[in-house]
Amino acid sequence: MGERLTKRVLLIGWDAADWKLINALIAAGRLPGVQKLIGAGASGELRTLEPKLSPLLWTSIATGKRADKHGILNFVEADPSGRGLRLSTSTSRKTKALWNILTQSGLKTNVVGWYASHPAEPVSGVVVSNLFFEGIPPTAEDKWPLVGETVHPAELAERIDMLRLHPHEIDPQTLTAMIPQLAQMNPADKRLSFLVKLLAQAASIQNIATSLLSEGPDADCTMVFQEAIDVAGHHFMQYFPPKMAHVPQADFDQYQHVMYGIYQIMDLMLVRLLELAGPETTVILLSDHGFHSDHLRPPVPPSIDDVHAAMDASWHRPLGVLMMAGPGIAKGTQVHGATLLDIAPTILTLLGLPVGADMDGRVLVEAFEKPPQVERVFSWDMIEGESGMHPADKRMDPADVQQSIKQLVDLGYLANLPSDVQQQLELVDRETKFNLGIVFMTAGKPAEAAEVFAALTAHSPGEPRYAINFSQCLYQLGRFGEARAVLERLLQIHPDHPDAKIFLGAAMIAEGRPMDAVPLLEEARVHASYAPDRDVLLGTAYRLVNRNADAREAFTRAVTVDPHNARAHQGLAWTAIVDERFEDAVEHALQAVQLQHYFPEGHYTLGVALTWMKDFPKAIQCFNIAMSMQPGYLDVHRYLASIYRHKGDYDNARRHRVIAEDLIAQRKAGGAATGMLSDEPPMGPADWLKTIGEPDGPPANS
């Protein structure tokens, strides 16, 4: 064990909390708890993972690992009883969470409401699982038994039961603060009953958390999860100002204050938690992603009768919130490039425990008062000792959670489930595999992802999500001809799909057919005005055919609509390099890697800009970062070979040149056009060498 930097940790999760709304409320003086926390410590944006689905993300927060390692890949899973589906369970997690690691280390943990924590694990401390609020009876007087195995230790079940608040116990004044016209509204409006239930659940979680902090044993770590902001967002963000086109004026007038109200209620709860935590506790408040609240809210087609069905994960913004304060944390620090994967390693370091080398995140050392001594073990999963994990063969009685599954369908997280059980299982199996493929892609494992998407595309060739992701994997693997063929088959079924046309254009360019790609790009361009991500795709394709002005226009549109789009900033950085505006290029590239630290293309582009500015040490550092994130990055090796040659370091120059030549040979074997691989991109190392007065081609000894 290393040096323990804090007496205890309080980790508070606000699902989908977003800086845009938080900053507006702070400016109005309406979030004193959050404002106090920010002023006392470090804060920043927290980048999410893909896919942006809560069970996967909150399990990654608790384990420091991506979903391919921790095993929670969907909201639901097949019930071993054969009776259909159940919510994803703690028995499906394949790796130790923080509460298991702390138990094994002789420390105590309280866990309240965490996603995929049912059945409660027998850890050292208290666990109240995510099913503690299931089975609400019609009235507050009716019996409301806890779902089995909701609470550990079991002798606390009666106490936890008493802390739950029935929706009928919610004070109407609480609703009036959020809905000023409450007295004039129809009491039968289902949105009102839904909001009351959500508030009762949030209040119950707060009751349990405050009880454990004030009356229970002194835990080393307390983890409290609140989903109210996310669930309210899916139902009520459509009513947030400015009014969306599909929203009736009466609904807008009635519900436009709900989202601000939810944040203010969460802040009141935060104030009490901070009081109970005390000065010896390091507090971390975070969200797994943000939530679009402005012009980036996806349009809701008028043809959709149930607008809730349109409010799926596309409403999630990739940047969540991070606030840290207390012992060990520097005051007034901005944290850049943090991801969900960094939370578990950071908490372990605060508590003086080693970080697993198999964790995918890093310790947020920049948030600490002084650089911590980070200890490491190969893997906590390989260390023997009682950790409180369930045995692998544990069976559990299926809980009555059909209402929760229905709510997931209503929120758009699950497709409408067929009535046939076998069809339900097959649908969930496909979507779980799809999620795994996305995890592989974003983890830099295109070969593994391609295998998943190939099977999905073979089963459902008309599903654009499967085919487009399959083609992207093939493209990343240098198998451009195969990527083109997949997209051409998809366009035979969906001839007007804009993303398929853009990716097809990129594949054709990579095959050495830029002129064939241009008409596809022009067709796709008309669909790009409302979607920043599509503008980024379009700008990237234009850049590949040396249409720099068109690329700059597309990237500028994307940044104008979404200033937090890292790929749009990276695209603008590259167009600035081509225009020889190198300082502008550095500024945009820095913005890109600050918004998204795990972004090899961003670090590469920053390295190129710095090379042209002759800042070689920093350029080499950027190229090495890009190469560590994406091994086999051809143009990184080309640039490094040229820089080392210019510096007279011929051993390193030769090493990188040989690697580059090997990569070119591999990609030729995969179907890439010889000319496209041999030709460097505009402003590549050959152009740079000419500019500084060196001849083309390597000298004999490099």
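Quote to one decimal, in nm, the extra length available between residue 366 and residue 252 on full extension: 0.36 nm per residue of separation minus the C-alpha distance between them.
Values: separation 114, 0.36 × 114 = 41.04 nm, distance 4.30 nm.
Separation in residues times 0.36 nm, less the Cα-Cα distance, equals 36.7 nm.
From the alpha carbon centroid of segment 28-49 to that of segment 439-474 is 38 Å.
Taking the Cα-to-Cβ direction at residue 485 and at residue 616 and moving 7 Å from each Cα, how far apart do the two end points lie in nm? It works out to 4.6 nm between the two label points. In the assembled protein chains, residue 622 presents an accessible area of approximately 10 Å² (probe radius 1.4 Å).
Lys and Arg at +1, Asp and Glu at -1: add these up for the other residues within a Cβ distance under 12 Å of residue 341 and post the number. Show your work: numbers first, answer last.
On the way: positive: 47, 65, 66, 69, 362; negative: 288, 342, 358, 360.
Net charge around residue 341: +1.
Out of segment 566-649, which trypsin sites (Lys or Arg not before Pro) are coil in DSSP terms and have no more than 13 other C-beta atoms within 10 Å? Numbers along the way, then the final one.
On the way: sites: 567, 581, 614, 618, 638, 645, 647; in loops: 581, 614.
Taking segment 566-649 and a limit of 13 other Cβ atoms within 10 Å, the loop trypsin sites (Lys or Arg not before Pro) found are 614.
Can you give the local net charge around residue 15? Use residues other than it whose beta-carbon is closer than 10 angstrom to its beta-carbon, Lys and Arg +1, Asp and Glu -1. So the surrounding residues net to -3. Give, as ranges by residue number, the residues of segment 472-505 whose backbone N falls under 12 Å from the point 7 Å along Cα→Cβ of residue 533. Correct set: 499.
Tell me what the chain gives for mean residue ellipticity at 222 nm when only DSSP H runs of n ≥ 4 count, each as -39,500 (n - 2.57), the sum divided by the residue total, rounded to 500 deg cm²/dmol. Don't skip to the end; give the middle numbers.
On the way: 29 runs with 347 residues, N = 702.
Mean residue ellipticity, 222 nm, calculated: -15500 deg cm²/dmol.
Taking every C-alpha pair closer than 8 Å and separated by at least 6 residues, the mean separation divided by the residue count of segment 1-154 gives a relative contact order of 13 percent.
Here the simple spin-label model places points 7 Å from the Cα toward Cβ, and for residue 184 and residue 26 these points are separated by 3.6 nm.
Taking the Cβ-Cβ separation of residue 243 and residue 276 as r and a Förster radius of 41 Å, what is the calculated FRET efficiency to the nearest 0.05? Walk me through the numbers before you get to the answer.
Values: r = 40 Å, r/R0 = 0.98.
Once rounded, the FRET efficiency stands at 0.55.
Our analysis of segment 595-650 gives Rg over Rh at 0.96, with the two radii drawn from alpha carbon positions and Rh computed by the Kirkwood formula. Computed with a 1.4 Å probe over protein heavy atoms only, the accessible area of residue 668 comes to about 90 Å².
Express the C-alpha Rg of the chain as a ratio against the empirical globular expectation 2.2 N^0.38 Å, rounded to two decimals. Could the numbers behind the result be given before it?
Values: Rg = 26.4 Å, N = 702, 2.2 N^0.38 = 26.5 Å.
In units of the 2.2 N^0.38 Å rule of thumb, it is 0.99.
For residue 169 and residue 523 in one chain, what is 0.36 nm times their gap in residues minus the Cα-Cα distance, to one decimal in nm? Numbers along the way, then the final one.
Working: separation 354, 0.36 × 354 = 127.44 nm, distance 5.68 nm.
Between residue 169 and residue 523, full extension yields an extra 121.8 nm.
Note on residue 497: accessible area approximately 40 square angstrom, rounded to 10, probe 1.4 Å, nucleic acids and ligands left out. Between residue 513 and residue 694, the simple label model (points 7 Å from Cα in the Cβ direction) yields a spacing of 3.7 nm.
Once the chain from residue 373 to residue 668 is taken as fully extended at 0.36 nm per residue, the excess over their C-alpha distance is 101.6 nm. Sorting the segments 231-239, 569-577 by their residues' average number of neighbouring beta-carbon atoms within 10 angstrom, most packed first, yields 569-577, 231-239. Partners of residue 52 within straight-line reach, counting lysines whose Cα lies under 24 Å from its Cα and excluding those fewer than 8 residues away in the same chain: 20, 65, 69, 94, 96, 406, 433, 445.
Taking K and R as +1 and D and E as -1, what net charge do the other residues with C-beta under 15 Å from the C-beta of residue 541 add up to?
Numbers: positive: 484, 501, 513, 525, 534, 543, 547, 552, 557, 567; negative: 499, 511, 516, 522, 523, 533, 535, 550, 553, 601.
Here the count lands on 0.
Spatially, segment 85-148 and segment 208-286 are offset by 20 Å when compared through their Cα centroids. With R₀ fixed at 51 Å, the C-beta to C-beta distance from residue 494 to residue 680 puts the FRET efficiency at about 0.90.
The values are calculated or read from the model by the stated rules, or taken from the named source; none is laboratory data. Everything quoted here is computed from the prediction, not taken from an experiment. FYI the Cβ positions are ideal-geometry reconstructions off the backbone, even for glycines, and counts take in every protein chain you see. We work out accessible area using only protein heavy atoms, side chains counted, and drop any ligands, DNA or RNA first. Shrake-Rupley method; radii C 1.70, N 1.55, O 1.52, S 1.80 Å.
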